[in-house]
Amino acid sequence: MSKIFYRLTSMSSNQIRNASISSSPLKVSEDVTTLKSWREIPGPPTLPIIGQLHNFLPGGSLFKLEGMGLYEQLYEKYGPVVRVNAVLKPDVLILFDAESIAKIFYGENRIPVRPAFFSMEYYRRYYKNKDPNKPTGLVTDQGYNWRQFRSKVGPALLMPKFVKLYSKTVDEVALETIARWRRVRDHNNMIRENFDREMNLWSLESIAVVALGTRLNSLDAELPKDSPVNRLIECAHDLLLIANELDYKPSLWKYYPTKMFKRAMKVYEDIDIITKHYIANATEKFKNNGKTGDEESILEKLLKIDEEVAHIMASDMLIAGVDTTSNTMLATMYLLAMNPEKQQKLREEVLSNDEKKPYLKACIKESMRLMPVVGLNFRETTRSYDILGYEVPKGMGVLFCHRLLSLLESNFPKAQQFIPERWIVDESDPMHNGSAHPFVHLPFGFGVRSCIGQRIAELEIETLLSRVVQNFNLEWVGPPPTVHSTHVNYVKGPYNFILNDIV
Ligand code: HEM
C-alpha cells in the first residue's frame, strides 16, 4: 500500500476553495491506508472480458449517448467520481467535483502529463524514419521533453507586450472578414450553410499572422480548390476529427496501417510541408527588416531559439488555433443574437471611448461557460491521490468535466442563462460569480500546462467580436444550433444568423 506522499501543509480544503488560481505546486498529504480501492469507484456495470462495453451497445443504458448527454447520465447515475473503461484502453476516471479537480491540478502542476494526439505523436516521432529522440511539441510531448519545449516557447507566446504587436494586423483581418461577410451573405443577410467555413477563414488568417509570419490572403476572393490555404484549412479541421477516430475510439492502427491511419499521416505531412514552405518565405523576409529585440515578431523570436522548435510550434498553433477560436466566435455570436439587450449593451461599450472593455471580456467568458469549445480537460496522475475516499493510483487517466459543472445551478445561479454581468458585478451582488469554486470553469486549462495560445485567442476574439457588433445587428431565427462534440465542441449549422447592417 502506498504511503504518505506530499503534505498539504499550508492550506485547508476551504482555503483551496477560496484561493485565487495560482500555478504554484501544492503539496498534498494523504493517509491512504483507509481508502477504498479505485476498483470500487462507481461506474457502469462490467462483464468479464468485455468490461463496460455492453452498456454502450443497443439495449445498454448508455447506448448512443455521447458528449454532454453521456456525461450527464454518468453524473446522475454514479455521482461525482465515475470509473469508465473502453475496449483495449486503460480505465479513466471522470471527475465532476471541483475540489477534487483542484487537488489533482495542483498535485500535477510540476510537470503535468496530458497524453493526447497519439497518432500525431507517432507521425512526429517515427514516421518515415524520423529521429525518435527529437522534440515533438507541446501537444504531444510529456515529461522533461515537454518542459524544455515549453520553457523555450513560453516567453515569446505569453508575454502580453509581444502579443500586442499583432493588434493592428488582427484588426485588419477582422475588418476584411466583415467586408467578406457582406459580400457573401444572401439577400436575407444570411450565410446559412457555410458560416463555419467563413469563420475558419478568419481564424486561419489571424493565427497564420502569428504562426507563419505572413498574411495568407484567404479572405480576398474564392480560393482555387488546390490552393495551399484551402488545404491548410482542410488539414487543421480534419486533423481534429481524424485524431478523435484514431486516438479515442477502438482502432487497429497500432498493429497495421488502416485507411484512417494513412489519411492521418497524409494530413500531418501536408501540414508539415505547408508550414515549412511559409516559414521559409517568412525567414527571407525577416532577414532585412531591421527589427530587433522586443520589436521582433513571435516567429522571428522562435526561429532564433531553434528552427525546428519554431516549425513545430507553428504547426501546433495552426492545429490548436483554428477550430477553437472559430467555434468560440460562433457560440458568442449566437448567444448575443439571442439576447438583444446584452448585444446592445456590448455595442455601447465597444463604441465608447473607454479603453477598458470589461463587458466585452465578460460576454466572451460567459459564452465559454455556456458553450465552451473545450469542455473537458485531462491529466494522467504521476502519483496516488485520495479522491473522495478512493485511492486513485499513479498512472491513471482523469477527465475533468468542466462543461457540466459550469452548467449546474449549485455553481452558477441561473446557470442556463447568458448573463455576462455575473463576471463583473460587485461581490455583494447575488449574481457575482465568486460563489462558484475557481476550478469549476477553466476554459483555458490550468497551471504550467494551460493554453499557450490564450492571449492570442483573446486578442483575436475580442477584436472580431467588437467589429461584429459595430457593424451588424445580430439576429437568429429558427431552431438553436446543435453542438457536435469531438476533441472540440463544434457549433453546427444551419447557421440562422441574420447579419443586418447597423445604420
Ligand atoms: C478559444 C480558444 C481556445 C481555447 C478555449 C483553448 C483551450 C485550451 C485548453 C483547455 C488547453 C489544455 C490546457 C491544460 O491542459 O491545462 C489548451 C492547450 C493548448 N492550446 Fe489552446 N485554446 C484556445 C486557443 C488556442 C490558440 C489560438 C492556440 C495557438 C496559439 C492554442 C494552442 C494551444 C497549445 C499549443 C496547447 C498545449 C499547451 C501545452 O500542453 O503546453 N490554443 N488550449
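The values are calculated or read from the model by the stated rules, or taken from the named source; none is laboratory data. Source: prediction; values computed, not measured. Don't worry about glycine lacking a Cβ; one is built from the backbone with ideal geometry, like all the others, and counts go over all protein chains shown.
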Among the residues of the range 125-142, is there at least one that is in contact (Cβ under 8 Å) with a residue 24 or more places away in the chain, outside any loop (DSSP other than H, G, I, E, B), within 14 Å of the ligand (Cβ to nearest atom) and in the same structural domain as THR325 (by TED's automatic domain parsing)? no
Considering the range 106-124 alone, what residues qualify as being away from the ligand (no atom under 14 Å from the Cβ), closer than 25 Å to MET396 by Cβ and touching a helix residue (DSSP H, G or I) at 6+ places or on another chain (Cβ under 8 Å)? PHE118, SER119
Given the conditions (1) away from the ligand (no atom under 16 Å from the Cβ); (2) closer than 23 Å to ILE452 by Cα; (3) among the charged types (D, E, K, R); (4) not in a loop (DSSP other than H, G, I, E, B), every one holds for ARG215 apart from (4)
Does LYS103 satisfy being outside any loop (DSSP other than H, G, I, E, B) and within 13 Å of the ligand (Cβ to nearest atom)? no
May I ask you to list the residues in the range 144-155 that are of a type outside the set (Ser, Thr, Tyr) and more than 12 Å from the ligand (Cβ to nearest atom)? PRO155
If you go through the range 372-399, how many residues are within 16 Å of the ligand (Cβ to nearest atom), surrounded by fewer than 22 Cβ atoms within 10 Å (Cβ to Cβ) and not in a strand (DSSP E or B)? 4
Looking only at the range 251-270, decide whether some residue is in the same structural domain as ILE456 (by TED's automatic domain parsing), part of a helix (DSSP H, G or I), surrounded by 21 or more Cβ atoms within 10 Å (Cβ to Cβ) and free of Cβ contacts under 8 Å to residues at least 40 places away in the same chain. yes
Looking at (1) in contact with a Gly (Cβ under 6 Å, 6 or more places away or on another chain); (2) closer than 17 Å to ASN327 by Cα, which is the only condition LEU370 fails? (1)
Considering only the range 336-355, I want to know if a residue exists there that is touching a Lys or Arg at 6+ places or on another chain (Cβ under 8 Å) and surrounded by 20 or more Cβ atoms within 10 Å (Cβ to Cβ). yes
Output for the range 438-464, where each listed residue is within 6 Å of the ligand (Cβ to nearest atom), of a type outside the set (Ser, Thr, Tyr) and within 29 Å of SER410 (Cα to Cα): PRO443, PHE444, GLY445, PHE446, ARG449, CYS451
Which of the residues that make up the range 178-211 are surrounded by 24 or more Cβ atoms within 10 Å (Cβ to Cβ) and more than 16 Å from the ligand (Cβ to nearest atom)? PHE195
Filter result for ALA282 (within 13 Å of the ligand (Cβ to nearest atom) and either small (Gly, Ala, Ser) or not assigned by TED's automatic domain parsing to the domain that holds ASN489 (or both)): no
Just name the residue that is surrounded by the fewest Cβ atoms within 10 Å (Cβ to Cβ) out of those in the range 413-443 that are within 16 Å of ILE101 (Cβ to Cβ) and either hydrophobic (A, V, I, L, M, F, W, C) or touching a His at 6+ places or on another chain (Cβ under 8 Å) (or both). ALA436
Could we say that LEU370 is touching a Leu at 6+ places or on another chain (Cβ under 6 Å), within 24 Å of PHE195 (Cα to Cα), in contact (Cβ under 8 Å) with a residue 40 or more places away in the chain and not hydroxyl-bearing (Ser, Thr, Tyr) here? no
Residue in the range 402-437 that is nearest to the ligand (Cβ to nearest atom), counting only those that are farther than 23 Å from GLN343 by Cα and not in a loop (DSSP other than H, G, I, E, B): HIS402
Quick check on the range 294-324: of everything there that is part of a loop (DSSP other than H, G, I, E, B), more than 10 Å from the ligand (Cβ to nearest atom) and not hydroxyl-bearing (Ser, Thr, Tyr), which residue is surrounded by the most Cβ atoms within 10 Å (Cβ to Cβ)? GLU296
So, in the range 110-141, how many residues would count as being buried (at least 19 other Cβ atoms within 10 Å of the Cβ) and polar (S, T, N, Q)? 3
Would you call ASP186 at pLDDT below 95 and either outside any helix (DSSP H, G or I) or out of contact with any helix residue (DSSP H, G or I) (no Cβ under 7 Å at 6 or more places or on another chain) (or both)? no
Which condition does ILE498 not pass, out of (1) on the phi < 0 side of the Ramachandran plot; (2) within 16 Å of the ligand (Cβ to nearest atom); (3) touching a strand residue (DSSP E or B) at 6+ places or on another chain (Cβ under 7 Å), if it passes all the others? (2)
Consider the range 346-371. How many of its residues are within 14 Å of the ligand (Cβ to nearest atom) and either among the polar types (S, T, N, Q) or assigned to a helix (DSSP H, G or I) (or both)? 9
Residue under question is VAL491, and the condition is that it be in a strand (DSSP E or B), out of contact with any His (no Cβ under 9 Å at 6 or more places or on another chain) and under 30 Å from LYS249 (Cβ atoms); does it hold? no
